[in-house]
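Written out below as structure tokens is the structure these notes cover.
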Amino acid sequence: TLSLRAANIVREAPLNENCGAEHVQKQRLPPKNLSRRDLGVPNLRGCSVDGDADRLVYWFHGLSNFEIVDGDKIASLLAVFISSELAAAQPLIGKPSLGVVQTAYANGAAAAFLRERSVEVAFAKTGVKYVHHAAEAFDVGVYFEANGHGTVLVRDSLREKLAQLDGEPGTGGRARLAVSRLHAVARLANQSVGDALADLLLVEAVLCLQQKSIAAWGALYNELPSRQLKQRVASRALLEPNATETRLVAPAALQAKIDALAASHKSGRAFVRPSGTEDVVRVYAEAATRRDADALALEVRRAVFDLAGGLGERP
């Protein structure tokens, strides 16, 4: 049963206020107009889209907490499903390439989960236009930012092959079933831009085929705790990131310090990137525990202050 909540009522907030994908994903809160009774429905899974419906975030109420299933897990669900169907269809279509494209902000546990299942993970500069372009390098490219903006791209030649095979008469079998499923993915997934409604239908189809609950989906892997901070600097031009913004080319001393700090924490990972609009450096850190993630973020922020011309009081 699908229940839409998109109408204003008396004394209710304006449409899409405190209920869209960004609100749910960043604030880790349910949509404002959802009642406690709604949240208490067993096995209820909900999703929120943004104003122009190009972002999709799922959510549910677990045993004790409000749980988010974000773009990283959407990409993971779809990529593992597509990988299994590509393997099954191999007698008919060969071995098309499959890759998931992430930005540096994707949770490290997502990349580890995919690599353990032999799915290639590539990185691109932050921004959908960069991620989309990188996904085009694969026969099947999956990308979703954590905020739920993404899609599945299928190369034209593969789409044509799937359409041809799916339209031919023939006996059944697992390979032909896989071709039919892959053709359905190629037709449903928007090939030009993130489309939350198409993504929603695709996710629901995969969950149905796998008979997977949203709780089981949410438990695909445990996300590493992360923290984001920012530090004002005299000039952001002093910092030069690499093409994927995962490391600094300059200052070399700052990157070396970040490497050392990350290595001092279990599952530690950190990077910094200059803002595109102001003299601010954005810091991202993750680690095995919340305490370590918070500590690593602060340590990296201090390194930025010391080695990249920080302004104000030292953090």
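The values are calculated or read from the model by the stated rules, or taken from the named source; none is laboratory data. Computed from a prediction, not measured in an experiment: that's the story for all the values here. All Cβ positions, even for glycine, are placed from backbone atoms using ideal geometry, and neighbour counts span all protein chains on display. Calculation scope for accessible area: heavy atoms of the full protein, side chains included, ligands and nucleic acids excluded. Shrake-Rupley method; radii C 1.70, N 1.55, O 1.52, S 1.80 Å.
Those strands (runs of 3 or more DSSP E) of the stretch 104-187 in which at least 1 residues are open to solvent by less than 30 Å² (accessible area, probe 1.4 Å), farther than 22 Å from GLU245 by Cα and modelled with pLDDT of 95 or more, considering only elements entirely within it, cover 140-144, 150-154. Among the residues of the stretch 233-279, those that are in a strand (DSSP E or B) and surrounded by 15 or more Cβ atoms within 10 Å (Cβ to Cβ) comprise VAL233, PRO241, LEU248, ARG269, ALA270, PHE271, VAL272, ARG273, PRO274. For the stretch 267-295, a residue qualifies if it is aliphatic (A, V, I, L, M) and closer than 20 Å to ALA112 by Cα, and the qualifying residues are ALA270, ALA285, ALA287, ALA288, ALA293. For LYS73, the stated conditions hold: it is at pLDDT 95 or above, within 26 Å of VAL179 (Cα to Cα), surrounded by 21 or more Cβ atoms within 10 Å (Cβ to Cβ) and among the basic types (Lys, Arg). Inspection of the stretch 300-315 identifies no residue that is open to solvent by 60 Å² or more (accessible area, probe 1.4 Å), under 29 Å from PHE60 (Cα atoms), touching a residue at least 12 places away in the same chain (Cβ under 8 Å) and of a type outside the set (D, E, K, R).
For the stretch 273-315, filtered to residues that are out of contact with any strand residue (DSSP E or B) (no Cβ under 7 Å at 6 or more places or on another chain) and acidic (Asp, Glu), the residue that is nearest to LEU229 (Cα to Cα) is GLU299.
With the structure loaded, tell me whether LYS230 is out of contact with any strand residue (DSSP E or B) (no Cβ under 9 Å at 6 or more places or on another chain), outside any loop (DSSP other than H, G, I, E, B), surrounded by 14 or more Cβ atoms within 10 Å (Cβ to Cβ) and of a type outside the set (A, V, I, L, M) or whether it fails that test. No, not satisfied. The numbered conditions (1) in contact with a strand residue (DSSP E or B) (Cβ under 6 Å, 6 or more places away or on another chain); (2) modelled with pLDDT under 80 are all true for VAL24 except (2).
To keep it simple, each residue is scored yes or no on (1) among the charged types (D, E, K, R); (2) under 23 Å from ALA146 (Cα atoms); (3) under 26 Å from the mean Cα position of the chain (by Cα).
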residue: LYS230; (1), (2), (3): yes, yes, yes
residue: SER235; (1), (2), (3): no, no, no
residue: LEU238; (1), (2), (3): no, no, no
residue: ALA243; (1), (2), (3): no, yes, yes
residue: LEU248; (1), (2), (3): no, yes, yes
residue: PRO251; (1), (2), (3): no, no, no
residue: GLN255; (1), (2), (3): no, no, yes
residue: ASP259; (1), (2), (3): yes, no, yes
residue: ALA263; (1), (2), (3): no, no, yes
